[in-house]
Amino acid sequence: MDPALFPADVAWRRVSPRLITVRRALALVVLVPVALAGCAGLAFASVPAAVALAVVFAALTGWLWWWIGRTCRSWGYAERVDDLLVRHGLLVQRLSVVPYGRMQFIDVTAGPIDRRLAIATVHLHTAAAASDARVPGLPSGEAARLRDRLAALGEARAAGL
């Protein structure tokens, strides 16, 4: 990350590596039926075509597996005195700065796989329509701590408005 755009002097926290497991499990929900349909279709193809398609599918699956790991590891957040920083992205790197006084509410969500792996996503909502700050893959305890801290800081900062 570019230190001119993304502060290097901030203590960045990473999300849980279990987020990778969740995202890969969701990818398997799509990949397994595609692979089964491909196998059924390959029964009618010539052997060289079947081998070529299998190699391409394996290569794309391997690349997707790698990409999921890299994108999940790109997430980070930092709590500063007046705001929360959220960063993510590989090709397009994004930094969201959410002032505590601008937060309207904090939403914590966890799907079935998330709950099984004890992780959650914290969504930060502001009045801005383009605000989509979220921190996925936080351990459940950390998500609850962050939610409570952000709510307290938001109330304290908004009281002066």
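Condition first: at pLDDT below 85 and exposed (fewer than 11 other Cβ atoms within 10 Å of the Cβ). Now tell me which residues in the stretch 1-36 satisfy that.
Asp2, Pro3, Ala4, Leu5, Ala8, Asp9
Looking at the stretch 64-108, which of its residues are among the charged types (D, E, K, R) and either outside any loop (DSSP other than H, G, I, E, B) or touching a His at 6+ places or on another chain (Cβ under 6 Å) (or both)? First the steps, then the outcome.
Within the stretch 64-108, the subset among the charged types (D, E, K, R) is 70, 73, 79-80, 82-83, 87, 94, 102, 107.
Within the stretch 64-108, Arg70, Arg73, Glu79, Asp83, Arg87, Arg94, Arg102, Asp107 qualify.
For the condition in contact with a Leu (Cβ under 8 Å, 6 or more places away or on another chain) and farther than 30 Å from Leu28 by Cα, what is the one hit in Leu153, Leu138, Leu146?
Values: Leu153 fails: in contact with a Leu (Cβ under 8 Å, 6 or more places away or on another chain); Leu138 fails: farther than 30 Å from Leu28 by Cα.
Leu146 is the lone residue from the list that is in contact with a Leu (Cβ under 8 Å, 6 or more places away or on another chain) and farther than 30 Å from Leu28 by Cα.
Given the criteria of a type in the set (Ser, Thr, Tyr), modelled with pLDDT under 90 and over 22 Å from the mean Cα position of the chain (by Cα), does Ser131 qualify?
no
Restricting to the stretch 49-88, count the residues that are among the charged types (D, E, K, R), in contact with a helix residue (DSSP H, G or I) (Cβ under 8 Å, 6 or more places away or on another chain) and free of Cβ contacts under 8 Å to residues at least 24 places away in the same chain.
Total meeting the criteria: 1.
The values are calculated or read from the model by the stated rules, or taken from the named source; none is laboratory data. Everything numeric in this text was worked out from a predicted model, so none of it was measured. Here the Cβ is made from the backbone with ideal geometry for all residues, glycine too, and neighbour counts use every protein chain on show.
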